[in-house]
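A short write-up of the structure that comes next.
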Amino acid sequence: MIFQLPLYNTLQKTFTMGLKKNTEAVFKWIEAFNEHDIEKLLALYDKDATHFSPRLKKKHPKTKGKIKGKKALRKWWEEAFEKLPTLNYKLTMVVVFKESISIVYERKVKKEKTQEVGEALKFKNGLIIESAVVDITDK
């Protein structure tokens, strides 16, 4: 398909703005997480967002590792921040796609081995609609 220049410029601008907004959200996500600020975290998510994590599956087997909605996200993060007050993420890689971003970060908790974690975040209208921890590796 061949685009006329004005249409191409409009598409490119729209695409670039979406990428920028989603990328900015990732940095806000890391910042909010490290501040243990649940309100800031929830502001980045759609009300019906889903989250999958092997840790969630291990700690709450009935969930099969998946939760849905801001109420469930709040409960999960409250539990994590209460049990692990030194929990901190160090972002090491960001791969940006049109509607999703894959990130890699170091999960650090005092008196625990640092772990490298891969997570995928899917966006719609600038909000996270899905997040999934896809890999956890001890460093």
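The values are calculated or read from the model by the stated rules, or taken from the named source; none is laboratory data. What you see is a predicted model, and the numbers here were worked out from it, not measured in a lab. Cβ coordinates were reconstructed from backbone atoms using ideal geometry, including for glycine residues, and neighbour counts include every protein chain displayed.
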Under 7 Å between Cβ atoms, which residue pairs at least 6 apart in sequence (or on different chains) link something in the stretch 126-137 that is touching a residue at least 60 places away in the same chain (Cβ under 8 Å) and more than 18 Å from residue 105 (Cβ to Cβ) with a partner that is surrounded by fewer than 14 Cβ atoms within 10 Å (Cβ to Cβ) and not acidic (Asp, Glu)?
126/21
Being touching a Gly at 6+ places or on another chain (Cβ under 8 Å) and either surrounded by fewer than 17 Cβ atoms within 10 Å (Cβ to Cβ) or aliphatic (A, V, I, L, M) (or both), is that true of even one residue in the stretch 104-121?
yes
For the stretch 60-72, indicate whether the set of residues that are in contact (Cβ under 8 Å) with a residue 60 or more places away in the chain and of a type in the set (S, T, N, Q) is non-empty.
no
Among what's in the stretch 56-76 and is at negative phi, of a type in the set (D, E, K, R) and over 15 Å from the mean Cα position of the chain (by Cα), pick the residue that is surrounded by the fewest Cβ atoms within 10 Å (Cβ to Cβ).
62
Taking the stretch 122-133 as the search range and keeping residues that are of a type outside the set (Gly, Ala, Ser) and surrounded by 15 or more Cβ atoms within 10 Å (Cβ to Cβ), which one is farthest from residue 28 (Cα to Cα)?
133
Failed criterion for residue 49 (all others in (1) in contact with a Leu (Cβ under 8 Å, 6 or more places away or on another chain); (2) among the aliphatic types (A, V, I, L, M); (3) surrounded by fewer than 16 Cβ atoms within 10 Å (Cβ to Cβ); (4) at pLDDT 95 or above hold):
(3)
Just checking, how many residues over the stretch 21-40 are surrounded by 14 or more Cβ atoms within 10 Å (Cβ to Cβ) and either in contact with an Asp or Glu (Cβ under 9 Å, 6 or more places away or on another chain) or outside any helix (DSSP H, G or I) (or both)?
7
